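Below is one structure, written out as structure tokens, with a few remarks after it.
Read-outs: derived from the displayed coordinates by stated rules, not from any lab. Since this is a predicted model, take the numbers as computed values, not measurements. All Cβ positions, glycine included, derive from the backbone under ideal geometry; neighbour counts span all protein chains shown.
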Amino acid sequence: MGLIIQAQPFFALNPGNVTANQITIKIAQTTTPSLRTLAAERGIKIGTAVRDLPLKNEPNYQKTLAEQFNIITPENVMKFEPLRPTPDSYNFEKADEMVAFASRNKMNLRGHVLVWHNQLPKWLKEKKLSRDEAISILRDHIYKVVGHYRGQIMAWDVVNEAMADDGRLRNTIWLQTIGPEYIEMAFRWAHEADPDAKLFYNDYGGEGRGRKSDAIYRLVEQLLLKKVPIDGVGLQMHVGLNYTPRPQEIANNMLRLSELGLEVHITEMDVKIQDGYGTRKERLVAQANIYRQMLQVCLKASNCKAFVMWGFTDAHSWIPQFTNRPDAALIFDENYQPKPAFYALVELLRQPVEVR
Ligand code: G3I
């Protein structure tokens with residue numbers, strides 16, 4: 001938000017009185033339009049992951065969130081562990097609060113995540129499960145959670161990170177106990193529980209082209225051949241100054257997914273700067289260029305419908321804790337001040353629409 005002060009001398013035209021220069025200050029409050037306003041004009045969802053504690057306790061967090069974004073993803077409160085503390089109990093309180101916030105602020109929701117190998121409750125990890133027990137637990141979980149939020153979730157990350165980096169299925173508790181069929185089972189149960197929600201496969205490291213990307217493509221192609229209800233692929237886009245997939249490769253990947261009839265969401269974007277070179281200012285400019293490039297790829301792809309970042313303020317990012325090193329991967333700084341990356345996204349969204 002910039003303040004332009006145009007001072008111009010104003011001569012008071014009054015007879016006989018002391019003429020005095022009056023300075024009128026015309027303040028042209030140049031307010032930078034919000035990302036959500038610009039995104040709506042472009043017909044795209046632009047959003048972020050949301051944490052329950054700052055949402056509850058930090059006015060700046062709530063204000064910036066409501067002002068700037070039209071879609072949100074609960075970062076953690078809809079995962080297996082928080083929702084299901086014991087085999088027979090569900091705790092929807094924190095997730096319900098986030099869903100209510102989204103509703104009050106007319107935001108769409110991405111549900112995250114029904115089937116993952118992380119953040120599972122102790123009771124599940126410690127249990128020696130038979131195949132039938134694992135199927136029963138997973139089906140009950142999906143029916144209960146998707147049913148609880150029926151009609152409120154635009155898109156679910158049904159299965160997350162099922163593919164290992166070598167292009168084989170990750171050896172998770174679900175693969176070990178149920179077998180590879182767990183993936184199609186999960187999608188079918190989610191569709192039965194909420195036929196209107198879009199169902200996504202979500203992963204990292206498969207944004208461009210390569211072994212993992214090709215394996216994900218084959219996986220979703222097979223699901224479609226089996227008439228499994230899947231609507232899209234989530235490209236997480238956790239990148240950094242030292243690792244960024246080439247935009248043209250991402251565009252090619254999005255195109256081949258569109259040829260399968262699948263939507264694409266960028267679901268968890270952040271851009272680490274800890275491994276970059278140059279001054280902090282130079283790294284923030286390089287970061288801004290990467291954010292702009294990835295939004296550009298999404299805007300140009302006919303099937304890319306959402307651009308979601310994994311947090312929006314450097315005050316609340318998973319990266320410093322995960323890497324045990326300071327970083328600044330998001331588009332607002334820790335004081336909720338816009339960074340070059342924010343202005344890069346605004347500038348891109350303000351450009352005339354290129355015909356897709
Ligand atoms: O809620 C407990 C709290 O009760 C306890 O006191 C505390 C002790 O450390 O842990 C808290 O849980 C933490 C949870 O975040 C909520 O804050 C977990 O330890 C911590 O491991 C967990 O990290 C999350 C991580 O997923 C693992 O689930 C990150 O915040 C979250 O950003 C990250 O997000 C994932 C996506 O879901 C999938 N794609 C990759 C992405 C980054 O890893």
At a threshold of 8 angstrom on Cα-Cα distance, excluding pairs fewer than six apart, so keeping six or more, what relative contact order does the chain reach in percent? 14 percent
Report, to two decimal places, the Cα Rg of segment 106-259 normalised by 2.2 N^0.38 Å (N = number of residues). 1.05
Kirkwood hydrodynamic radius (C-alpha pairs) into Stokes-Einstein, segment 203-278, 25 °C and 0.890 mPa s, D in µm²/s: 188 µm²/s
Would you please name the GluC sites (Glu not before Pro) within segment 67-168 that are DSSP coil residues with at most 14 other C-beta atoms within 10 Å of their C-beta? GLU126
Under 15 Å from the Cβ of GLN337, count the other residues' Cβ atoms, weight Lys and Arg +1, Asp and Glu -1, and hand me the total. -1
Percent RCO, i.e. relative contact order, over segment 44-136, from Cα pairs under 8 Å lying at least 6 residues apart: 29 percent
Over segment 63-216, what relative contact order in percent results from Cα pairs under 8 Å that are six or more residues apart? 23 percent
For the pairs LYS122/LYS281; LYS56/LYS125; LYS94/LYS300; LYS106/LYS300; LYS144/LYS272, note any where the Cα-Cα span goes beyond 32 Å. LYS122/LYS281; LYS94/LYS300; LYS144/LYS272
Rounded to the nearest 10, the angle in degrees between the Cα long axis of helix 247-259 and the longest principal axis of the Cα atoms of the chain comes to 50 degrees
To test your reading of the geometry: what angle, between 0 and 90 degrees and rounded to tens, separates the Cα axis of helix 59-68 from the longest principal axis of the chain? 90 degrees
Rounded to 5, the percent of DSSP beta bridges in the chain classed as antiparallel: 30 percent
Dipole of the chain (Lys/Arg Cβ +1, Asp/Glu Cβ -1, origin at the Cα centre): which of LEU224, ALA344, LEU175 lies farthest to the positive side? ALA344
Test of understanding: extend the Cα→C-beta vector of GLU347 to 7 Å, then name every residue of segment 324-341 with backbone N under 11 Å from that spot. 340-341
Under the Karplus relation 6.51 cos²θ - 1.76 cosθ + 1.60, θ = phi - 60°, what is the ordered set of whole-Hz ³J(HN,Hα) values for segment 150-155, x standing for Gly and Pro? 3, x, 10, 10, 6, 8
Output wanted: per-residue J couplings in Hz (rounded whole) for segment 222-238, from phi through Karplus 6.51 cos²θ - 1.76 cosθ + 1.60, θ = phi - 60°, x for Gly and Pro. 5, 4, 5, 4, 8, 6, 6, x, 10, 10, x, 10, x, 9, 5, 6, 7
Give me the number: length gained by fully extending ASP214 to SER136, i.e. 0.36 nm times residue separation minus the C-alpha to C-alpha distance, one decimal in nm. 25.0 nm
Taking the Cα centre of the chain as the origin and placing charges on Cβ (Lys, Arg +1; Asp, Glu -1), which of VAL145, PRO82, VAL99 is farthest toward the positive end of the dipole? VAL99
If you take every residue apart from ASP157 with its C-beta less than 14 Å away from the C-beta of ASP157, what net charge results, scoring Lys and Arg +1 and Asp and Glu -1? -4
To the nearest 10 degrees, how steeply does helix 182-193 sit against the main Cα axis of the chain, on a 0 to 90 scale? 70 degrees
In terms of the Cα gyration tensor, with a ≥ b ≥ c the square roots of its eigenvalues, is segment 129-186 rounded because a/c is under 1.5, prolate because a/b exceeds b/c, or oblate? oblate
So, R0 is 56 Å and r is the distance between the beta-carbons of GLU126 and THR31; what FRET efficiency does that work out to, to 0.05? 0.55
Rg(Cα)/(2.2 N^0.38 Å) for segment 197-341, N = residue count: 1.09
So who's got an amide H within less than 5 Å of the one on LYS79, skipping anything under 5 residues away but keeping other chains? H placed 1.01 Å off N, in plane. VAL113
By how many nm would the segment from LYS144 to ASN171 grow when fully extended, if each residue of separation counts as 0.36 nm and the alpha-carbon distance is taken off? 7.2 nm
Among the GluC sites (Glu not before Pro) in segment 249-356, which ones are in a DSSP loop with at most 14 other Cβ atoms within 10 Å of the Cβ? Mind listing them? GLU334, GLU354
Net charge contributed by nearby residues that have their C-beta within less than 14 Å of ARG256 (K/R +1, D/E -1): -4
Using amide H atoms built 1.01 Å from N in the peptide plane, name the residues 5+ places from ALA49, or on other chains, whose amide H lies under 5 Å from its own. THR73, MET309, TRP310, GLY311
Classify the chain: rounded, prolate or oblate, from the alpha-carbon gyration tensor (a ≥ b ≥ c, eigenvalue square roots; a/c under 1.5 rounded; otherwise prolate if a/b is larger than b/c)? prolate
Give a residue-ordered list of calculated ³J(HN,Hα) values for segment 113-121 (Karplus: 6.51 cos²θ - 1.76 cosθ + 1.60, θ = phi - 60°; whole Hz; x for Gly, Pro). 8, 7, 10, 8, 9, 9, 6, 9, x
